[in-house]
Amino acid sequence: MMGEQTLMALKAAGVDTDGAVARFMGNTALYERFLRKFPADPSYGQAVVAMETGELEAVLTAVHTLKGVAGNLGMTRLFDACTHMLEYIRGDRPEQARQCWPDLQQAYEDVLKVLTVEGLA
């Protein structure tokens, strides 16, 4: 079961744990189970490959999916980074979208680091 230290570490990484637990009907154990599944979600890896190959349509699909997962899990910072990137892609502003990529990567890596350190990944 997640302790207070884990919740604080997630909050420091830009995760709204209170809001997420509320979405999980107050069931912290269920929220924890979904957090454990997060590292296996393929969307981020798909976005990385699409960014490397420059396929913006594939980036759009992967980042859109990642945004949904991040939103459901309360990963506000990652959700916001995805949102900004999607706005630029949809607005046909690929250079600005590419400039958002480092923020998205950092938000993802920060959450993943906490999950790993806390034994949830």
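The values are calculated or read from the model by the stated rules, or taken from the named source; none is laboratory data. What you are looking at is a predicted structure, and each value in this text was computed from that prediction instead of being measured. Glycine gets a Cβ as well: all are built from the backbone with ideal geometry, and neighbour counts include every protein chain shown.
Descriptive notes on the structure:
- Leading residue by the ranking (surrounded by the fewest Cβ atoms within 10 Å (Cβ to Cβ)) among those in the stretch 79-121 that are within 14 Å of residue 44 (Cα to Cα) and aromatic (Phe, Trp, Tyr): 101
- Among all residues of the stretch 39-55, there is at least one that is among the aromatic types (Phe, Trp, Tyr) and in a helix (DSSP H, G or I).
- Boolean, residue 15 is in contact (Cβ under 8 Å) with a residue 40 or more places away in the chain, crowded, with 18+ Cβ neighbours inside 10 Å and out of contact with any helix residue (DSSP H, G or I) (no Cβ under 6 Å at 6 or more places or on another chain): yes
- Of the residues screened, residue 66 is not one that is aliphatic (A, V, I, L, M), modelled with pLDDT under 95 and crowded, with 16+ Cβ neighbours inside 10 Å.
- Verdict on residue 28 being surrounded by fewer than 19 Cβ atoms within 10 Å (Cβ to Cβ), polar (S, T, N, Q) and without any contact (Cβ under 8 Å) to a residue 24 or more places away in the chain: no
- Residue in the stretch 34-83 that is farthest from residue 19 (Cα to Cα), counting only those that are of a type in the set (Ser, Thr, Tyr) and touching a residue at least 60 places away in the same chain (Cβ under 8 Å): 44
- Looking at 14, 26, just one residue is farther than 16 Å from residue 115 by Cβ and either among the basic types (Lys, Arg) or outside any helix (DSSP H, G or I) (or both), and that residue is 26.
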